[in-house]
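Below you'll find the structure, written out as structure tokens, and then a few comments.
The values are calculated or read from the model by the stated rules, or taken from the named source; none is laboratory data. Model, not experiment: these values are computed from the prediction. Cβ sites come from the backbone with ideal geometry, for glycine too, and all protein chains shown count toward neighbours. What goes into the accessible areas is simple: the full protein's heavy atoms, side chains included, and nothing from ligands, DNA or RNA. Shrake-Rupley method; radii C 1.70, N 1.55, O 1.52, S 1.80 Å.
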Amino acid sequence: MFGDALANLLAFSGRNVTREYYINDAGAQVDVLARSAFLRYREALGESIGEIPEGLYPGDYLKPAGAALAKAHGASLRDKPEAEWLPLVRAFAIEAMMEMIRGDLAAMNIRHEVFFSERSLTQGAAGEDHVRAVIEDLRARGIVYVGHLAPPKGQLPDDWEDREQTLFRSTDFGDDVDRPLIKSDGGYTYFASDIAYHKSKVDRGFDDMIDVWGADHGGYVKRMQAAVKAVSNGRASLDVKLCQLVKLMRNGEPVTMSKRAGTFVTLRDVVEEVGVDAVRFMMLFRKNDATLEFDLAKVIEQSRENPVFYVQYAHARCKSVIRQAKAAFPDLDVSAAALSGADLALLTDEGEAGLAKLIAQFPRQIDAAAAAHEPHRVAFYLHDLASALHSHWNRGKDQPHLRFVNEERRDLTTARVAMVASLTRVFASGLGVLGVSAPDEMR
RNA sequence: GAUCCCAUAGCUCAGCUGGAUAGAGCAACUGCCUUCUAAGCAGUAGGUCACAGGUUCGAAUCCUGUUGGGAUCGCCA
């Protein structure tokens with residue numbers, strides 16, 4: 001959600017943005033996934049599989065994939081050796097997972113232009129190995145070498161053994177130690193693939209890259225930035241936005257996520273409970289690097305108090321004013337072109353001046369938020385703007401001459417409607433950046 | 001042992017890249033619906049900006065150190 005809003009923000013401020021989703025479909029984890037799916041496949045064929053063995057994924061989410069496999073292949077895979085079914089089941093399981101992920105993303109209003117497969121780096125259409133190519137390129141430039149790594153200070157891992165390995169000279173680019181590229185089993189490290197992936201981005205012409213990671217990967221930032229420098233000869237930049245892990249609470253108690261115990265809660269569950277607008281606004285109404293405490297009970301019970309409604313209500317009020325103005329002056333032209341001729345000098349009240357000032361800040365707020373890569377600023381700006389509008393609106397209760405629609409004064413109403421039309425656009429645009437809907441009315 | 005992030009009101013968080021009496025929401029208390037939507041407004045109360053130094057005309061903001069919390073630390077993903 002953070003990345004989606006940031007991309008919206010950058011696009012809205014005039015930058016050329018491409019949103020990519022990096023699919024981790026390589027490495028040992030997908031083989032585990034495939035074996036787990038194969039187990040569900042046997043289950044779907046009627047076998048009793050008992051407890052899911054240690055080392056495989058126990059989640060129920062693979063059951064549909066297993067059933068689909070059974071439907072597509074019958075019992076034909078069951079007795080074959082693993083080497084034969086693994087590639088097939090793996091591809092099938094990856095597709096099933098991606099289907100699920102796409103569904104989750106859609107439910108949260110998150111869109112991507114590109115889904116980039118990690119597997120394609122080593123197994124491209126023409127069979128080329130981009131990871132190998134990058135390593136060789138860097139080796140030729142002396143940035144990759146074979147050497148030894150000192151063990152970490154403090155606690156020594158019990159299985160530590162000194163060995164010679166292929167290393168990336170990330171210390172030349174600001175990292176603390178050099179980083180290995182090839183595992184002891186000869187496979188590439190995750191980092192090696194990541195270098196190739198970012199190289200691919202650079203080659204495709206992306207000079208300003210932004211990665212969005214979970215905070216548990218914080219130790220990874222320096223080496224990735226080092227790699228981007230190396231791979232682009234310092235031309236490209238990489239900003240890594242770390243989103244803190246959500247600490248899920250229920251009635252003040254931390255919720256332990258256990259799939260077996262049925263206490264596993266996904267963001268999608270929350271979205272389905274309280275609505276995508278409320279969740280998105282809540283997630284974006286804070287800095288990305290601050291830990292988010294997410295009390296499930298409170299979120300659901302107090303969803304009425306979510307600040308998103310405050311802002312959406314402000315937008316709805318603006319729409320209401322325009323409807324009322326049309327009712328009072330049926331022939332009033334509320335198009336942007338017509339309203340641009342309104343006499344804004346008639347807006348002399350301090351509340352109106354305050355609103356006008358805030359409206360005028362919108363472009364600068366957008367620019368500042370975009371430059372800092374901080375979409376939450378937009379959310380806070382909108383909240384301030386909504387506050388100013390609600391406040392001014394209520395002054396019309398005691399002072400009827402301040403109401404937006406004045407049936408005696410067509411010129412004044414026109415000027416006020418012009419301002420409200422701008423407000424409407426700002427609310428709609430700002431909420432659009434956050435990926436939150438801007439309803440015409442709330443009842 | 002090392003690196004990264006965080007510490008602001010009882011709670012959840014802002015603080016526009018160094019400016020004047022540090023702000024909002026929730027919780028508490030007091031008012032406002034025959035009038036454009038009360039999902040709203042006005043007000044009261046609540047803070048030694050973790051602590052100690054430093055830079056500066058000026059620091060919640062920048063630097064150093066300390067404490068407390070979180071994350072990470074060859075080949076995991």
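Summed over the range A:1-25, residues that are open to solvent by less than 20 Å² (accessible area, probe 1.4 Å) and in a loop (DSSP other than H, G, I, E, B) total 1.
Screening A:R42, A:R111, A:R78 for residues that are open to solvent by 40 Å² or more (accessible area, probe 1.4 Å) and in a helix (DSSP H, G or I) leaves exactly one candidate, A:R42. Counting only residues that are within 13 Å of RNA strand B (Cβ to nearest atom) and touching a Leu at 6+ places or on another chain (Cβ under 7 Å), the range A:424-436 holds 1 of them.
Does any residue of the range A:375-387 turn out to be among the charged types (D, E, K, R), more than 14 Å from A:A314 (Cα to Cα) and more than 9 Å from RNA strand B (Cβ to nearest atom)? There is no residue in the range A:375-387 that is among the charged types (D, E, K, R), more than 14 Å from A:A314 (Cα to Cα) and more than 9 Å from RNA strand B (Cβ to nearest atom).
When only residues in the range A:429-443 that are assigned to a helix (DSSP H, G or I) and of a type in the set (A, V, I, L, M, F, W, C) count, which is surrounded by the fewest Cβ atoms within 10 Å (Cβ to Cβ)?
That would be A:L431.
Residue by residue, here is whether (1) near RNA strand B (Cβ under 7 Å from one of its atoms); (2) hydroxyl-bearing (S, T, Y); (3) open to solvent by 80 Å² or more (accessible area, probe 1.4 Å); (4) at pLDDT 90 or above holds:
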site: A:V144; (1), (2), (3), (4): no, no, no, yes
site: A:P152; (1), (2), (3), (4): yes, no, no, no
site: A:L156; (1), (2), (3), (4): no, no, yes, no
site: A:D159; (1), (2), (3), (4): yes, no, yes, no
site: A:D162; (1), (2), (3), (4): yes, no, yes, no
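Close contacts from the range A:369-397, counting a first residue that is open to solvent by 10 Å² or more (accessible area, probe 1.4 Å) and a second that is within 6 Å of RNA strand B (Cβ to nearest atom) and hydrophobic (A, V, I, L, M, F, W, C), with Cβ to Cβ under 9 Å and a gap of 6+ residues or different chains, come to A:E374/A:A368; A:R377/A:A368; A:W393/A:V321; A:W393/A:F404. From the list A:A342, A:A327, the lone residue that is farther than 28 Å from A:L434 by Cα and either touching a Ser or Thr at 6+ places or on another chain (Cβ under 6 Å) or open to solvent by 80 Å² or more (accessible area, probe 1.4 Å) (or both) is A:A342.
For A:D194, the stated conditions do not hold, so it cannot be described as assigned to a loop (DSSP other than H, G, I, E, B), within 14 Å of RNA strand B (Cβ to nearest atom) and of a type in the set (D, E, K, R).
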